[in-house]
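Visitor: Structure below; questions to follow.
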Amino acid sequence: MSSTKSRRSSRSQSYAMTPNLVDSELSKELSELYAGFESKVADSIHRQMINVESLDEEMLSLENNFAMMKERIERSMKLQHNLCIPIGRLTDEIITEILQYGIDEVYEEASLADLALFPTYSICTRWRNVAISSPSLWSRISLPCHPNLFRLIRDRSRSNLLQVSVVNASDPDPLDTVTLGESLRQLAPRISQLRISWAWFETQPNMPFLDVFFSDHVGQKEFSALREIDLTDTFNEDPTRKPVVLNTPALRIMGFEGLPSTIPRPIPSLIELEFRGSQLEINEILDLLSYYTQLEICSIINTESCGDLEDDHDIVSLDRLQSFEIDMMHVSEMEILLAHLTLPASARLTLGTYLPDPDYHLFHRFLGPYLLKADELKITSDEKNIIYSMTYKSRGPITITHRTHDGPPPGIALLPTLASHSSDLSLIDIEYSVLPSLSNLILAFSLWDDIENIRVSTQELEFERLLNALEETPNIVCPLLKILDCAETEFSSLRMKNFLEFRENKGARIQTLKFTRGYAHSGVDELISTTTTTIVQLDPVEVEDSAESSRSGTPVSLRSDSNAP
(Lines give C-alpha, C1' and ligand atoms only; values in the text may rest on other atoms or scores of the structure.)
Protein backbone atom coordinates (compact mmCIF):
# COMPACT_ATOMS: atom_id res chain seq x y z
CA MET A 1 0.00 0.00 0.00
CA SER A 2 2.74 2.45 1.00
CA SER A 3 4.79 1.72 -2.15
CA THR A 4 1.72 2.37 -4.29
CA LYS A 5 1.13 5.71 -2.55
CA SER A 6 4.82 6.53 -3.03
CA ARG A 7 4.68 5.82 -6.78
CA ARG A 8 1.43 7.83 -7.03
CA SER A 9 3.01 10.78 -5.15
CA SER A 10 6.14 10.56 -7.31
CA ARG A 11 4.11 10.61 -10.50
CA SER A 12 1.99 13.52 -9.22
CA GLN A 13 5.10 15.57 -8.40
CA SER A 14 6.69 14.68 -11.77
CA TYR A 15 3.54 15.70 -13.56
CA ALA A 16 3.51 19.04 -11.76
CA MET A 17 7.14 19.67 -12.76
CA THR A 18 7.19 18.39 -16.38
CA PRO A 19 3.62 18.02 -17.65
CA ASN A 20 4.50 17.56 -21.34
CA LEU A 21 6.99 14.77 -20.61
CA VAL A 22 4.64 12.91 -18.31
CA ASP A 23 1.78 13.39 -20.72
CA SER A 24 3.77 11.79 -23.55
CA GLU A 25 4.92 8.91 -21.32
CA LEU A 26 1.37 8.28 -20.14
CA SER A 27 0.00 8.43 -23.69
CA LYS A 28 2.67 5.99 -24.89
CA GLU A 29 1.95 3.56 -22.05
CA LEU A 30 -1.80 3.74 -22.65
CA SER A 31 -1.31 3.27 -26.41
CA GLU A 32 0.71 0.11 -25.83
CA LEU A 33 -1.90 -1.21 -23.40
CA TYR A 34 -4.71 -0.44 -25.81
CA ALA A 35 -2.92 -2.07 -28.77
CA GLY A 36 -2.35 -5.30 -26.84
CA PHE A 37 -5.89 -5.21 -25.47
CA GLU A 38 -7.39 -4.59 -28.90
CA SER A 39 -5.45 -7.48 -30.45
CA LYS A 40 -6.44 -9.94 -27.74
CA VAL A 41 -10.09 -8.90 -27.87
CA ALA A 42 -10.19 -9.25 -31.66
CA ASP A 43 -8.68 -12.73 -31.55
CA SER A 44 -11.05 -13.81 -28.77
CA ILE A 45 -14.09 -12.51 -30.63
CA HIS A 46 -13.00 -14.19 -33.83
CA ARG A 47 -12.63 -17.57 -32.10
CA GLN A 48 -15.99 -17.26 -30.35
CA MET A 49 -17.88 -16.14 -33.43
CA ILE A 50 -16.99 -19.26 -35.45
CA ASN A 51 -19.38 -21.45 -33.47
CA VAL A 52 -22.03 -18.84 -32.66
CA GLU A 53 -25.47 -19.66 -34.04
CA SER A 54 -27.06 -16.27 -33.36
CA LEU A 55 -24.54 -13.63 -34.34
CA ASP A 56 -26.85 -10.65 -33.67
CA GLU A 57 -27.60 -11.68 -30.09
CA GLU A 58 -23.92 -12.32 -29.37
CA MET A 59 -22.87 -8.95 -30.79
CA LEU A 60 -25.52 -7.20 -28.68
CA SER A 61 -24.21 -8.99 -25.59
CA LEU A 62 -20.67 -7.93 -26.42
CA GLU A 63 -21.72 -4.32 -26.89
CA ASN A 64 -23.40 -4.33 -23.47
CA ASN A 65 -20.29 -5.80 -21.87
CA PHE A 66 -18.10 -3.17 -23.54
CA ALA A 67 -20.42 -0.40 -22.32
CA MET A 68 -20.17 -1.69 -18.77
CA MET A 69 -16.41 -1.94 -19.08
CA LYS A 70 -16.20 1.61 -20.40
CA GLU A 71 -18.28 2.86 -17.47
CA ARG A 72 -15.98 1.07 -14.99
CA ILE A 73 -12.86 2.55 -16.64
CA GLU A 74 -14.37 6.06 -16.58
CA ARG A 75 -15.30 5.65 -12.93
CA SER A 76 -11.79 4.48 -12.13
CA MET A 77 -10.25 7.42 -13.99
CA LYS A 78 -12.53 9.85 -12.16
CA LEU A 79 -11.53 8.30 -8.83
CA GLN A 80 -7.83 8.64 -9.68
CA HIS A 81 -8.43 12.25 -10.72
CA ASN A 82 -10.19 13.02 -7.46
CA LEU A 83 -7.27 11.62 -5.51
CA CYS A 84 -4.94 14.09 -7.23
CA ILE A 85 -6.90 17.29 -6.44
CA PRO A 86 -6.60 18.98 -3.00
CA ILE A 87 -9.99 17.82 -1.70
CA GLY A 88 -9.08 14.26 -2.58
CA ARG A 89 -6.04 14.41 -0.33
CA LEU A 90 -8.06 15.27 2.78
CA THR A 91 -7.69 12.76 5.58
CA ASP A 92 -10.69 10.81 6.85
CA GLU A 93 -10.48 12.74 10.12
CA ILE A 94 -10.75 16.11 8.35
CA ILE A 95 -13.67 14.89 6.22
CA THR A 96 -15.42 13.78 9.40
CA GLU A 97 -14.88 17.23 10.94
CA ILE A 98 -16.29 18.95 7.84
CA LEU A 99 -19.39 16.77 7.90
CA GLN A 100 -19.77 17.36 11.64
CA TYR A 101 -19.72 21.14 11.17
CA GLY A 102 -22.46 20.85 8.56
CA ILE A 103 -24.61 18.73 10.86
CA ASP A 104 -24.13 21.07 13.81
CA GLU A 105 -25.15 24.12 11.76
CA VAL A 106 -28.28 22.46 10.41
CA TYR A 107 -29.17 21.12 13.86
CA GLU A 108 -29.09 24.63 15.32
CA GLU A 109 -31.30 26.15 12.62
CA ALA A 110 -33.87 23.48 11.75
CA SER A 111 -35.83 20.59 13.11
CA LEU A 112 -34.34 17.15 12.62
CA ALA A 113 -37.71 15.86 11.48
CA ASP A 114 -36.91 16.97 7.92
CA LEU A 115 -33.25 15.93 7.98
CA ALA A 116 -32.99 12.28 8.82
CA LEU A 117 -30.01 11.76 6.49
CA PHE A 118 -27.81 14.68 5.54
CA PRO A 119 -27.06 15.28 1.82
CA THR A 120 -23.35 15.90 2.49
CA TYR A 121 -22.99 12.22 3.35
CA SER A 122 -23.26 11.41 -0.36
CA ILE A 123 -20.96 13.99 -1.95
CA CYS A 124 -18.88 11.16 -3.38
CA THR A 125 -18.13 7.49 -2.72
CA ARG A 126 -15.23 8.19 -0.40
CA TRP A 127 -17.10 10.78 1.66
CA ARG A 128 -20.05 8.41 1.93
CA ASN A 129 -17.78 5.61 3.14
CA VAL A 130 -16.20 7.94 5.69
CA ALA A 131 -19.65 9.00 6.91
CA ILE A 132 -20.85 5.42 7.23
CA SER A 133 -17.82 4.44 9.31
CA SER A 134 -17.94 7.51 11.62
CA PRO A 135 -20.31 6.83 14.54
CA SER A 136 -20.23 10.47 15.70
CA LEU A 137 -22.03 11.50 12.50
CA TRP A 138 -24.98 9.27 13.39
CA SER A 139 -25.50 10.57 16.91
CA ARG A 140 -28.73 12.49 16.17
CA ILE A 141 -32.11 10.97 15.50
CA SER A 142 -35.64 12.33 15.19
CA LEU A 143 -38.53 10.20 16.42
CA PRO A 144 -40.85 8.80 15.26
CA CYS A 145 -39.12 7.58 12.11
CA HIS A 146 -39.25 4.59 9.78
CA PRO A 147 -38.14 1.36 11.51
CA ASN A 148 -35.40 0.77 8.93
CA LEU A 149 -34.00 4.27 9.45
CA PHE A 150 -34.20 3.85 13.22
CA ARG A 151 -32.16 0.65 13.11
CA LEU A 152 -29.70 2.19 10.65
CA ILE A 153 -28.92 5.19 12.87
CA ARG A 154 -29.01 3.12 16.06
CA ASP A 155 -26.43 0.66 14.72
CA ARG A 156 -24.17 3.10 12.89
CA SER A 157 -23.91 5.31 15.97
CA ARG A 158 -22.62 2.24 17.86
CA SER A 159 -22.09 3.16 21.52
CA ASN A 160 -21.97 6.95 21.03
CA LEU A 161 -24.14 9.22 23.14
CA LEU A 162 -27.23 10.42 21.26
CA GLN A 163 -29.18 13.63 20.75
CA VAL A 164 -32.83 12.72 20.27
CA SER A 165 -35.74 14.85 19.06
CA VAL A 166 -39.34 13.71 19.58
CA VAL A 167 -42.26 15.42 17.83
CA ASN A 168 -45.78 14.02 18.00
CA ALA A 169 -46.89 15.87 14.84
CA SER A 170 -47.40 12.75 12.73
CA ASP A 171 -50.58 14.09 11.10
CA PRO A 172 -52.43 12.76 9.11
CA ASP A 173 -51.31 9.30 10.26
CA PRO A 174 -52.11 8.32 13.86
CA LEU A 175 -49.08 8.39 16.14
CA ASP A 176 -47.86 4.90 17.01
CA THR A 177 -47.18 5.58 20.70
CA VAL A 178 -46.24 1.95 21.39
CA THR A 179 -43.42 1.97 18.82
CA LEU A 180 -42.33 5.44 19.91
CA GLY A 181 -42.11 4.29 23.52
CA GLU A 182 -40.15 1.19 22.55
CA SER A 183 -37.72 3.30 20.54
CA LEU A 184 -37.12 5.62 23.51
CA ARG A 185 -36.61 2.69 25.85
CA GLN A 186 -34.04 1.16 23.49
CA LEU A 187 -32.06 4.38 23.25
CA ALA A 188 -32.56 5.59 26.84
CA PRO A 189 -29.14 4.54 28.23
CA ARG A 190 -27.36 6.44 25.44
CA ILE A 191 -29.43 9.65 25.23
CA SER A 192 -27.47 12.68 26.45
CA GLN A 193 -29.78 15.38 25.03
CA LEU A 194 -33.52 15.02 24.56
CA ARG A 195 -35.97 17.47 22.95
CA ILE A 196 -39.69 16.75 23.03
CA SER A 197 -42.47 18.80 21.44
CA TRP A 198 -45.94 17.52 22.37
CA ALA A 199 -49.03 19.29 21.04
CA TRP A 200 -52.71 18.56 20.54
CA PHE A 201 -54.21 18.00 17.07
CA GLU A 202 -57.89 17.89 16.14
CA THR A 203 -57.19 15.08 13.70
CA GLN A 204 -55.84 12.88 16.51
CA PRO A 205 -58.39 13.02 19.36
CA ASN A 206 -56.91 9.92 21.02
CA MET A 207 -53.46 11.40 21.47
CA PRO A 208 -52.45 10.85 25.13
CA PHE A 209 -51.15 13.53 27.48
CA LEU A 210 -47.37 13.63 27.65
CA ASP A 211 -47.37 12.40 31.24
CA VAL A 212 -49.67 9.52 30.26
CA PHE A 213 -47.43 8.61 27.32
CA PHE A 214 -44.35 8.39 29.55
CA SER A 215 -46.22 6.48 32.24
CA ASP A 216 -47.72 3.91 29.84
CA HIS A 217 -44.94 3.48 27.26
CA VAL A 218 -41.64 4.50 28.85
CA GLY A 219 -42.25 3.78 32.51
CA GLN A 220 -39.31 3.98 34.92
CA LYS A 221 -36.69 3.22 32.28
CA GLU A 222 -33.53 5.00 33.42
CA PHE A 223 -32.08 7.70 31.19
CA SER A 224 -28.69 7.24 32.81
CA ALA A 225 -26.70 9.44 30.41
CA LEU A 226 -29.26 12.24 30.01
CA ARG A 227 -27.69 15.62 30.89
CA GLU A 228 -30.00 18.06 29.08
CA ILE A 229 -33.71 17.98 28.26
CA ASP A 230 -36.12 20.45 26.66
CA LEU A 231 -39.85 19.74 26.93
CA THR A 232 -42.57 21.70 25.14
CA ASP A 233 -45.93 20.45 26.34
CA THR A 234 -48.73 22.59 24.88
CA PHE A 235 -51.27 19.77 24.76
CA ASN A 236 -53.95 21.50 26.83
CA GLU A 237 -54.44 23.83 29.80
CA ASP A 238 -56.04 21.37 32.23
CA PRO A 239 -54.64 22.37 35.67
CA THR A 240 -55.44 18.91 37.11
CA ARG A 241 -52.90 17.18 34.88
CA LYS A 242 -50.12 15.30 36.62
CA PRO A 243 -46.40 16.03 36.28
CA VAL A 244 -44.32 14.13 33.76
CA VAL A 245 -42.37 11.41 35.58
CA LEU A 246 -38.81 10.79 34.33
CA ASN A 247 -36.00 8.64 35.70
CA THR A 248 -33.06 10.98 35.06
CA PRO A 249 -30.44 10.64 37.82
CA ALA A 250 -27.81 12.72 36.02
CA LEU A 251 -29.96 15.51 34.52
CA ARG A 252 -28.28 18.94 34.80
CA ILE A 253 -30.15 21.28 32.44
CA MET A 254 -33.88 21.49 31.72
CA GLY A 255 -35.97 23.73 29.51
CA PHE A 256 -39.75 23.50 29.88
CA GLU A 257 -42.76 25.15 28.25
CA GLY A 258 -46.22 24.34 29.54
CA LEU A 259 -48.23 24.24 32.75
CA PRO A 260 -46.12 24.56 35.92
CA SER A 261 -48.10 21.66 37.42
CA THR A 262 -46.83 19.24 34.74
CA ILE A 263 -43.11 19.99 34.98
CA PRO A 264 -41.00 16.91 35.91
CA ARG A 265 -40.04 16.81 39.59
CA PRO A 266 -38.22 16.23 41.79
CA ILE A 267 -34.84 16.30 40.04
CA PRO A 268 -32.12 16.63 42.72
CA SER A 269 -29.30 16.80 40.16
CA LEU A 270 -30.79 19.76 38.24
CA ILE A 271 -28.71 22.96 38.35
CA GLU A 272 -30.07 24.98 35.40
CA LEU A 273 -33.73 25.65 34.55
CA GLU A 274 -35.41 27.67 31.82
CA PHE A 275 -39.18 27.87 32.19
CA ARG A 276 -41.34 29.36 29.43
CA GLY A 277 -44.91 30.16 30.39
CA SER A 278 -47.75 32.67 30.18
CA GLN A 279 -49.96 34.37 32.76
CA LEU A 280 -48.09 32.84 35.67
CA GLU A 281 -49.39 33.73 39.09
CA ILE A 282 -46.94 34.54 41.88
CA ASN A 283 -47.92 31.38 43.77
CA GLU A 284 -47.15 29.29 40.70
CA ILE A 285 -43.72 30.87 40.30
CA LEU A 286 -42.89 30.33 43.97
CA ASP A 287 -44.13 26.73 43.82
CA LEU A 288 -42.02 26.16 40.72
CA LEU A 289 -38.88 27.50 42.41
CA SER A 290 -39.56 25.45 45.54
CA TYR A 291 -39.24 22.25 43.48
CA TYR A 292 -35.59 22.97 42.67
CA THR A 293 -33.97 24.80 45.57
CA GLN A 294 -30.54 23.53 44.45
CA LEU A 295 -30.59 25.57 41.21
CA GLU A 296 -27.56 27.61 40.17
CA ILE A 297 -29.06 29.20 37.04
CA CYS A 298 -32.75 29.97 36.61
CA SER A 299 -34.63 31.78 33.85
CA ILE A 300 -38.41 32.28 33.86
CA ILE A 301 -39.86 33.76 30.69
CA ASN A 302 -43.37 34.91 31.51
CA THR A 303 -45.05 36.48 28.47
CA GLU A 304 -47.84 37.97 30.60
CA SER A 305 -48.23 38.15 34.36
CA CYS A 306 -51.55 37.50 36.07
CA GLY A 307 -52.71 38.53 39.52
CA ASP A 308 -51.25 39.24 42.94
CA LEU A 309 -50.37 36.72 45.62
CA GLU A 310 -53.73 35.31 46.70
CA ASP A 311 -52.52 33.51 49.82
CA ASP A 312 -49.34 34.08 51.74
CA HIS A 313 -46.59 31.76 50.57
CA ASP A 314 -43.60 30.39 52.43
CA ILE A 315 -40.24 31.99 51.73
CA VAL A 316 -38.29 30.08 49.08
CA SER A 317 -34.53 29.91 49.63
CA LEU A 318 -32.24 29.34 46.64
CA ASP A 319 -28.92 29.24 48.45
CA ARG A 320 -26.81 28.09 45.50
CA LEU A 321 -28.27 30.44 42.90
CA GLN A 322 -25.75 32.29 40.73
CA SER A 323 -28.05 33.82 38.10
CA PHE A 324 -31.78 34.57 38.22
CA GLU A 325 -33.73 35.99 35.28
CA ILE A 326 -37.46 36.62 35.18
CA ASP A 327 -39.54 38.45 32.60
CA MET A 328 -42.23 39.95 32.36
CA MET A 329 -43.99 41.03 35.60
CA HIS A 330 -45.94 44.03 36.84
CA VAL A 331 -43.75 46.16 39.10
CA SER A 332 -45.91 45.52 42.18
CA GLU A 333 -45.93 41.76 41.48
CA MET A 334 -42.15 41.74 41.12
CA GLU A 335 -41.85 43.41 44.52
CA ILE A 336 -44.05 40.73 46.11
CA LEU A 337 -42.18 37.90 44.39
CA LEU A 338 -38.73 39.10 45.44
CA ALA A 339 -39.97 39.63 49.01
CA HIS A 340 -40.71 35.88 49.14
CA LEU A 341 -37.27 34.81 47.87
CA THR A 342 -34.01 34.43 49.74
CA LEU A 343 -31.14 34.68 47.28
CA PRO A 344 -27.35 34.83 47.72
CA ALA A 345 -25.97 38.38 47.65
CA SER A 346 -23.58 37.35 44.88
CA ALA A 347 -26.38 36.24 42.50
CA ARG A 348 -26.79 38.09 39.20
CA LEU A 349 -30.38 39.32 38.81
CA THR A 350 -32.09 40.19 35.52
CA LEU A 351 -35.61 41.49 36.17
CA GLY A 352 -38.19 42.39 33.52
CA THR A 353 -40.96 44.72 34.69
CA TYR A 354 -43.80 46.63 33.09
CA LEU A 355 -46.52 49.17 33.87
CA PRO A 356 -49.62 49.48 31.68
CA ASP A 357 -49.57 53.24 32.27
CA PRO A 358 -46.62 55.46 33.19
CA ASP A 359 -46.34 55.55 36.97
CA TYR A 360 -42.91 56.96 37.71
CA HIS A 361 -43.50 57.11 41.45
CA LEU A 362 -44.26 53.36 41.65
CA PHE A 363 -41.34 52.41 39.44
CA HIS A 364 -38.81 54.63 41.23
CA ARG A 365 -40.01 53.22 44.56
CA PHE A 366 -39.11 49.79 43.18
CA LEU A 367 -35.84 50.87 41.53
CA GLY A 368 -34.58 53.15 44.32
CA PRO A 369 -33.29 50.48 46.75
CA TYR A 370 -31.25 48.85 43.97
CA LEU A 371 -29.65 52.20 43.08
CA LEU A 372 -28.79 53.05 46.67
CA LYS A 373 -25.59 50.98 46.96
CA ALA A 374 -24.72 50.84 43.26
CA ASP A 375 -21.14 51.60 42.24
CA GLU A 376 -21.82 51.74 38.50
CA LEU A 377 -25.03 52.51 36.58
CA LYS A 378 -25.72 51.99 32.90
CA ILE A 379 -28.86 53.35 31.23
CA THR A 380 -29.74 52.19 27.74
CA SER A 381 -32.76 51.05 25.71
CA ASP A 382 -33.96 48.67 23.04
CA GLU A 383 -37.05 48.89 20.84
CA LYS A 384 -39.53 48.78 23.73
CA ASN A 385 -37.65 48.93 27.03
CA ILE A 386 -35.47 51.21 29.08
CA ILE A 387 -32.71 49.18 30.72
CA TYR A 388 -30.96 49.93 34.01
CA SER A 389 -27.83 47.88 34.72
CA MET A 390 -26.16 48.24 38.11
CA THR A 391 -22.95 46.78 39.52
CA TYR A 392 -21.89 46.78 43.13
CA LYS A 393 -18.82 46.28 45.26
CA SER A 394 -20.61 44.06 47.77
CA ARG A 395 -23.12 42.02 45.71
CA GLY A 396 -23.81 40.62 42.24
CA PRO A 397 -24.95 42.82 39.32
CA ILE A 398 -28.61 43.67 38.76
CA THR A 399 -30.31 44.55 35.46
CA ILE A 400 -33.88 45.87 35.35
CA THR A 401 -35.59 46.00 31.97
CA HIS A 402 -38.69 48.20 32.19
CA ARG A 403 -41.58 48.75 29.78
CA THR A 404 -44.39 51.24 30.20
CA HIS A 405 -46.45 50.70 27.03
CA ASP A 406 -46.32 49.05 23.63
CA GLY A 407 -44.50 51.92 21.93
CA PRO A 408 -40.85 52.96 22.06
CA PRO A 409 -39.22 53.33 25.51
CA PRO A 410 -39.66 56.58 27.42
CA GLY A 411 -36.91 59.13 27.77
CA ILE A 412 -34.80 59.63 30.90
CA ALA A 413 -36.24 63.02 31.84
CA LEU A 414 -36.36 61.99 35.50
CA LEU A 415 -32.59 61.53 35.74
CA PRO A 416 -32.39 63.77 38.86
CA THR A 417 -34.76 61.40 40.67
CA LEU A 418 -32.48 58.48 39.82
CA ALA A 419 -29.47 60.50 40.96
CA SER A 420 -31.07 61.16 44.33
CA HIS A 421 -31.11 57.40 44.97
CA SER A 422 -27.56 56.72 43.73
CA SER A 423 -25.25 59.36 45.15
CA ASP A 424 -22.37 56.86 45.61
CA LEU A 425 -21.87 56.12 41.91
CA SER A 426 -18.31 56.14 40.56
CA LEU A 427 -19.31 55.39 36.95
CA ILE A 428 -22.35 56.39 34.88
CA ASP A 429 -22.86 54.95 31.40
CA ILE A 430 -25.64 56.44 29.25
CA GLU A 431 -26.46 55.03 25.80
CA TYR A 432 -29.48 57.07 24.76
CA SER A 433 -30.21 59.07 21.63
CA VAL A 434 -31.91 61.92 23.54
CA LEU A 435 -30.58 63.21 26.86
CA PRO A 436 -32.56 65.17 29.48
CA SER A 437 -32.76 68.97 29.44
CA LEU A 438 -29.74 71.04 30.47
CA SER A 439 -31.27 71.89 33.85
CA ASN A 440 -31.99 68.23 34.61
CA LEU A 441 -28.49 67.22 33.53
CA ILE A 442 -26.95 69.84 35.82
CA LEU A 443 -29.16 68.79 38.72
CA ALA A 444 -28.51 65.06 38.26
CA PHE A 445 -24.74 65.26 37.76
CA SER A 446 -24.43 67.73 40.64
CA LEU A 447 -25.75 64.98 42.91
CA TRP A 448 -23.07 62.56 41.69
CA ASP A 449 -20.12 64.05 43.53
CA ASP A 450 -18.15 60.78 43.49
CA ILE A 451 -18.39 60.15 39.73
CA GLU A 452 -14.94 59.36 38.30
CA ASN A 453 -15.93 57.92 34.92
CA ILE A 454 -18.63 59.04 32.47
CA ARG A 455 -19.44 56.98 29.40
CA VAL A 456 -21.92 58.38 26.93
CA SER A 457 -23.14 57.35 23.48
CA THR A 458 -25.64 59.78 21.97
CA GLN A 459 -26.18 62.33 19.21
CA GLU A 460 -23.68 65.14 18.71
CA LEU A 461 -25.95 67.99 19.87
CA GLU A 462 -27.08 65.95 22.89
CA PHE A 463 -23.43 65.35 23.80
CA GLU A 464 -22.68 69.07 23.63
CA ARG A 465 -25.53 69.63 26.10
CA LEU A 466 -23.79 67.25 28.51
CA LEU A 467 -20.52 69.17 28.08
CA ASN A 468 -22.42 72.36 28.89
CA ALA A 469 -23.74 70.76 32.08
CA LEU A 470 -20.22 69.70 33.11
CA GLU A 471 -19.07 73.33 32.68
CA GLU A 472 -21.61 74.68 35.17
CA THR A 473 -20.37 77.26 37.69
CA PRO A 474 -19.76 78.37 40.36
CA ASN A 475 -19.69 74.85 41.81
CA ILE A 476 -17.84 72.31 39.67
CA VAL A 477 -20.11 69.49 38.52
CA CYS A 478 -18.54 66.04 39.11
CA PRO A 479 -15.32 67.42 40.64
CA LEU A 480 -13.70 63.94 40.79
CA LEU A 481 -14.33 63.15 37.11
CA LYS A 482 -11.19 61.61 35.57
CA ILE A 483 -12.35 59.69 32.50
CA LEU A 484 -14.72 60.84 29.76
CA ASP A 485 -15.56 58.02 27.33
CA CYS A 486 -17.64 59.12 24.35
CA ALA A 487 -17.04 56.16 22.03
CA GLU A 488 -19.40 56.07 19.03
CA THR A 489 -20.42 59.70 19.62
CA GLU A 490 -19.49 62.37 17.09
CA PHE A 491 -18.20 65.68 18.42
CA SER A 492 -16.32 68.82 17.49
CA SER A 493 -12.65 68.66 18.44
CA LEU A 494 -12.57 72.43 18.95
CA ARG A 495 -15.54 72.23 21.31
CA MET A 496 -13.86 69.37 23.19
CA LYS A 497 -10.60 71.36 23.40
CA ASN A 498 -12.44 74.24 25.05
CA PHE A 499 -14.15 71.86 27.47
CA LEU A 500 -10.91 70.20 28.52
CA GLU A 501 -9.25 73.59 29.03
CA PHE A 502 -12.19 74.73 31.17
CA ARG A 503 -11.96 71.69 33.42
CA GLU A 504 -8.21 72.05 33.80
CA ASN A 505 -8.48 75.74 34.63
CA LYS A 506 -11.02 74.90 37.35
CA GLY A 507 -8.69 72.34 38.91
CA ALA A 508 -10.79 69.37 37.76
CA ARG A 509 -8.72 68.12 34.82
CA ILE A 510 -10.04 65.25 32.72
CA GLN A 511 -7.20 62.74 32.79
CA THR A 512 -8.36 60.48 29.95
CA LEU A 513 -10.56 61.10 26.91
CA LYS A 514 -11.72 58.07 24.89
CA PHE A 515 -13.45 58.28 21.53
CA THR A 516 -13.88 56.27 18.34
CA ARG A 517 -11.37 56.96 15.60
CA GLY A 518 -12.97 59.08 12.89
CA TYR A 519 -15.79 60.39 15.10
CA ALA A 520 -13.99 63.61 16.10
CA HIS A 521 -13.92 66.41 13.53
CA SER A 522 -12.88 70.05 13.15
CA GLY A 523 -9.32 70.06 14.47
CA VAL A 524 -8.57 66.62 15.95
CA ASP A 525 -4.80 67.05 15.39
CA GLU A 526 -4.80 70.28 17.36
CA LEU A 527 -6.79 68.59 20.13
CA ILE A 528 -4.26 65.78 20.39
CA SER A 529 -1.20 68.05 20.26
CA THR A 530 -2.29 70.77 22.72
CA THR A 531 -4.18 69.02 25.51
CA THR A 532 -2.57 67.54 28.60
CA THR A 533 -5.33 64.92 28.71
CA THR A 534 -4.44 61.39 27.63
CA ILE A 535 -6.21 60.78 24.31
CA VAL A 536 -7.30 57.22 23.56
CA GLN A 537 -8.64 56.57 20.07
CA LEU A 538 -10.47 53.28 19.68
CA ASP A 539 -11.02 51.47 16.42
CA PRO A 540 -14.70 50.59 15.80
CA VAL A 541 -14.04 46.87 16.31
CA GLU A 542 -12.45 47.63 19.68
CA VAL A 543 -15.51 49.61 20.70
CA GLU A 544 -17.74 46.62 19.86
CA ASP A 545 -15.47 44.27 21.83
CA SER A 546 -15.50 46.66 24.77
CA ALA A 547 -19.32 46.89 24.69
CA GLU A 548 -19.65 43.11 24.54
CA SER A 549 -17.20 42.78 27.42
CA SER A 550 -19.25 45.26 29.44
CA ARG A 551 -22.41 43.23 28.87
CA SER A 552 -20.76 39.92 29.78
CA GLY A 553 -18.62 41.20 32.63
CA THR A 554 -15.40 39.97 30.98
CA PRO A 555 -12.45 42.38 30.83
CA VAL A 556 -10.94 43.14 27.42
CA SER A 557 -7.64 44.70 26.45
CA LEU A 558 -7.97 47.67 24.08
CA ARG A 559 -5.14 48.65 21.78
CA SER A 560 -5.09 52.41 21.17
CA ASP A 561 -3.07 55.46 20.31
CA SER A 562 -2.47 57.82 23.20
CA ASN A 563 -0.32 60.75 24.16
CA ALA A 564 1.29 61.05 27.57
CA PRO A 565 -0.41 63.33 30.10
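Table: residues versus (1) out of contact with any helix residue (DSSP H, G or I) (no Cβ under 6 Å at 6 or more places or on another chain); (2) of a type in the set (S, T, Y); (3) modelled with pLDDT under 95.
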{"residue": "P260", "(1), (2), (3)": "no, no, yes"}
{"residue": "S278", "(1), (2), (3)": "yes, yes, yes"}
{"residue": "E296", "(1), (2), (3)": "yes, no, no"}
{"residue": "I300", "(1), (2), (3)": "yes, no, no"}
{"residue": "D311", "(1), (2), (3)": "yes, no, yes"}
{"residue": "V316", "(1), (2), (3)": "no, no, no"}
{"residue": "T342", "(1), (2), (3)": "yes, yes, no"}
{"residue": "R348", "(1), (2), (3)": "yes, no, no"}
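Visitor: Could you tell me which residue of the range 448-496 is modelled with the lowest pLDDT, considering only residues that are open to solvent by 70 Å² or more (accessible area, probe 1.4 Å) and within 19 Å of E376 (Cα to Cα)?
Guide: Applying the filter and picking the extreme gives D449.
Visitor: Here's another thing I want to ask about it. Evaluate the following for I386: is it β-branched (V, I, T), touching a Pro at 6+ places or on another chain (Cβ under 9 Å) and either closer than 27 Å to V536 by Cα or open to solvent by less than 10 Å² (accessible area, probe 1.4 Å) (or both)?
Guide: So I386 passes the test.
Visitor: Report every pair of residues separated by at least 6 positions or lying on different chains whose Cβ atoms are under 8 Å apart, first residue within the range 210-239 and under 23 Å from Q163 (Cβ atoms), second acidic (D, E).
Guide: Sorted first by the residue in the range 210-239, then by its partner, the pairs are L210/D233; H217/E182; L231/E257; T232/E257; D233/E257; T234/E257.
Visitor: Considering only residues that are touching a Ser or Thr at 6+ places or on another chain (Cβ under 8 Å) and either touching a residue at least 40 places away in the same chain (Cβ under 8 Å) or under 16 Å from L425 (Cβ atoms) (or both), which ones fall in the range 451-466?
Guide: Within the range 451-466, I451, E452, N453, V456, L466 qualify.
Visitor: Could you grab me the full set of residues in the range 344-378 that are surrounded by 17 or more Cβ atoms within 10 Å (Cβ to Cβ), more than 15 Å from S420 (Cα to Cα) and not basic (K, R)?
Guide: Result: A347, L349, T350, L351, G352, T353, Y354, L355.
Visitor: Considering each residue of the range 229-243, count those that are surrounded by fewer than 17 Cβ atoms within 10 Å (Cβ to Cβ) and assigned to a strand (DSSP E or B), and give that number.
Guide: Count: 1.
The values are calculated or read from the model by the stated rules, or taken from the named source; none is laboratory data. It should be emphasised that the depicted structure is a prediction, and the values quoted were computed from it without experimental measurement. Virtual Cβ from ideal backbone geometry, glycine too; neighbours counted across all protein chains shown. These accessible areas exclude ligands, DNA and RNA; they are computed on the full protein's heavy atoms, side chains included. Shrake-Rupley method; radii C 1.70, N 1.55, O 1.52, S 1.80 Å.
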